[in-house]
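Written out below as structure tokens is the structure these notes cover.
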Amino acid sequence: MTVVAFDFDGTLSDSEMTVLLGDRCGVADEMAEITEQSMNDEIDYAESLRKRAALLEGLPAEDAQAAYDQVELREGAADLIEELNEAGVTTAILTGGFERGVAAALEREGAAVDHIVSNRLPMNDDETELTGDVEGPLIEGTKDDALESLAEDVGADMADTVAVGDGANDLPMLNVAGLAIGFVPKPAVEPHCDVVVTSMDEARTELLEADVLPAADQ
């Protein structure tokens, strides 16, 4: 059994969910600055995520959904996920981003993965606006624990796992995976990658060469 775990924002998607949300309440520039600091490992990820969520306090529910509806998969991502699924590979998205945005993007492309581990932006009691809080397993928790737990659940050796990511919060899973693929990785991340790719086609080639995808699919 092989497991391929993808980061979402910056990897499977070139959308940045917190920035899209920030656009809706006029704080996109602040969001982008905090995100960049986190991706370059300049500030703690949990702290950066809480700061970004706090900027969204009071954002109306309909604006939040409109932002999630803007999240798009990168070109070729849906096809690669489908090919992995058809090959019997366990596919996962491990993201500090938000469940509703991931689900919206996958549904739009008719794509599905076996497991999604993500965070959430809770609404107030009457579900009309964001509280400014953030909840989920990947705030303090790290992606290495998530990948190791997933591999154990499906009976895969860690040596047979693949992680694909780009930012500092992906380093834990990149460091424990059998194959670490950097998708246009940040400078602090690239030295930890076995290979670097710049497109989903290149990622597919690396998975093919690593015998994750069957050669007959060429």
| said: Condition first: modelled with pLDDT of 95 or more and under 21 Å from M200 (Cα atoms). Now tell me which residues in region 148-169 satisfy that. | reply: D160, T161, V162, A163, V164, G165, D166
| request: Please specify each residue of region 177-218 satisfying the condition of being charged (D, E, K, R), without any contact (Cβ under 8 Å) to a residue 24 or more places away in the chain and either in contact with a Phe, Trp or Tyr (Cβ under 8 Å, 6 or more places away or on another chain) or assigned to a loop (DSSP other than H, G, I, E, B) (or both). | output: D194, D211
| query | Does L174 count as free of Cβ contacts under 8 Å to residues at least 12 places away in the same chain and either among the aliphatic types (A, V, I, L, M) or touching a helix residue (DSSP H, G or I) at 6+ places or on another chain (Cβ under 7 Å) (or both)? | reply | no
| field | Single residue of A146, A103, A180 found to be open to solvent by 40 Å² or more (accessible area, probe 1.4 Å) and in contact with a strand residue (DSSP E or B) (Cβ under 8 Å, 6 or more places away or on another chain) | value | A103
| note | Of the residues in region 151-173, those that are part of a helix (DSSP H, G or I) and closer than 15 Å to G10 by Cα number 4
| Subset of region 166-183 [among the hydrophobic types (A, V, I, L, M, F, W, C) and more than 14 Å from the chain's Cα centre (by Cα)] | V176, A177, L179, A180
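The values are calculated or read from the model by the stated rules, or taken from the named source; none is laboratory data. Since the structure is predicted, the reported quantities are computational estimates derived from the model, not experimental observations. Positions of Cβ are generated from backbone atoms using ideal geometry, with glycine treated the same way; all protein chains shown enter the neighbour counts. Side chains included, ligands, DNA and RNA excluded: accessible areas come from the protein's heavy atoms. Shrake-Rupley method; radii C 1.70, N 1.55, O 1.52, S 1.80 Å.
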